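What follows draws every value from the coordinates through simple rules; no lab data is involved. Everything numeric in this text was worked out from a predicted model, so none of it was measured. Methodologically, a virtual Cβ is constructed for each residue, glycine included, from the backbone with ideal geometry; neighbour enumeration extends over all protein chains shown.
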Amino acid sequence: MRLGLQVPNFTWPNGQSQLGRTFGEIAERADKAGLYSFWVMDHFFQIGSVGPAENEMLEGWSALAFAAGKTSRIKLGTMVTGVTYRYPGILVKTVTTLDVLSEGRAYLGIGAAWNEAEHVGLGVPFPPLAERFERLEETLQIVHQMWSGDEKPYNGKYYHLARLLNSPRPVQRPHPPILIGGSGERKTLRLVAQYGDACNLFARLGKEALQHKLDVLREHCEALGRPYEQIEKTTLNSVKLTRDGRDGSTTPAALVDFYADEASIGIDQGIFSLQNVTDPDVFDLLASEVIPQVDRIAVAGR
C-alpha cells in the first residue's frame, strides 16, 4: 500500500512572510520521508472545513510546480481541480508542463467543482450541477484526446477546440494518471470507470460505506468492459500524528492499523493531511514507523 500527503492549509504559526519557505520544506520532508504522493487543493479561497475564506490559499498548479523544484521523486497532484476553473485545453497544457518539468511525476486530479463562493468572488461562471458534470465529461474526453496525440477538432456541447495540439508530450505513458474526486454513485463513479485511472473517496465514510462505493465502481467497470483492477483506489483523511497519541492524536501504530484495514477492502493509496504538518518530527515518525510498515501491507485484490 502507498501513502500520500495532502496540504490543504497554508496558515501556519510562522506567518505569511515564511509561507514559501515553509511550504518548500514540507514538500522536501515529504519527499525525503518516502511518501508516494504530494497533493494540494485546487481552490482560490480557503474552504470552510479548514478555515475562514480569508486564510491564505495558494493556487494549486503553480504551488505544485514550486514543489516539483524542491523534490525529486514524489508524485504531484491536485485534490482536485474543479472543471470550471480552467479551459480544458489549457488545463491539459498545465498538467503536461508539470509532468515534463518534474520528469514524469504529475497526477491530474479533477472533479465537478462545488465552491460557489469563490466562483462568484472571482468572477468565474458557476453553472448548475448537471451542466458541470456534462462539462466534466467533455473535459475528460479532451484530456484523453490531447494526451493521445490526436490533434483533430473537438466539438462538444460546451467546448469547441480547433486543434488539440499538445507539444511537448507528457513524460508518463500513456499519460499522467487521471484521478476523479467524489463518490457519487450514478455519475462520478461512472466517469471514473470510463475515463479515470484513480478514484478518491473520503476515509470518514467508514469501511462499510467505502466497500459499497467500491462495489458500485466495480459494477460500472463491468458494464463498460473496463478491468476494475486498472483503477487505483484512494482515500482522503486528516490526522494529527504523534509518537505517544497525546491529546487524542494518532500514534504511528494506530495509523498503520488504519491503513491495513483500508487495504483489506482494496484501497491502494491512503492520502491524508497532517494537522501538525509544520513539525519536522512528524516526518521522522512517518519515515521510521509508518511508511516502511504500510509499504509491506498487501492490498486485497492486487
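Of note:
- Selection from Gly182, Thr96, Ala113 lying farthest towards where the dipole of the stretch 2-295 points positive, charges on Cβ: Thr96
- By the count of neighbouring beta-carbon atoms within 10 Å, fewest first, Ser37, Ser49, Ser72 end up ordered Ser49, Ser72, Ser37.
- Residues considered: Val256, Val80, Val192. Largest GNM mean-square fluctuation over the chain, using C-alpha springs under 10 Å, is found at Val256.
- 222 nm mean residue ellipticity, helices alone, for the chain (DSSP H n ≥ 4; -39,500 (n - 2.57); rounded to 500): -12000 deg cm²/dmol
- Over all pairs of different C-alpha atoms, the stretch 2-295 has a mean inverse distance whose reciprocal, the Kirkwood radius, equals 19.7 Å.
- Basic side chains Lys and Arg get +1 at the Cβ, acidic Asp and Glu get -1 at the Cβ, and with that the dipole of the chain about its Cα centre reaches some 640 debye.
- Mean sequence separation of contacting Cα pairs (under 8 Å, at least six apart), scaled by the length of the stretch 157-302, corresponds to a relative contact order of 19 percent.
- Length-normalised contact order of the stretch 34-140 in % [C-alpha pairs under 8 Å, at least 6 apart]: 27
- Relative contact order (percent, whole number), the stretch 2-295, Cα cutoff 8 Å, 6+ residue spacing: 18
- Comparing Ala260, Ala106, Ala27 in a Gaussian network model of the chain, where Cα atoms under 10 Å apart are tied by springs, the biggest mean-square fluctuation is seen for Ala260.
- Using a Förster distance of 35 Å, the FRET efficiency for Lys157-Ser62 (Cβ separation, nearest 0.05): 0.70
- Here Lys75 is the anchor, and the lysines within straight C-alpha reach of less than 17 Å, apart from those fewer than 8 places off in the same chain, are Lys32, Lys233.
- Label-point gap, in nm, between Asn276 and Arg204 - each point 7 angstrom along Cα→Cβ: 2.1
- Look at where the Cα atoms of the stretch 201-263 and of the stretch 6-76 average out, and the two centres are 22 Å apart.
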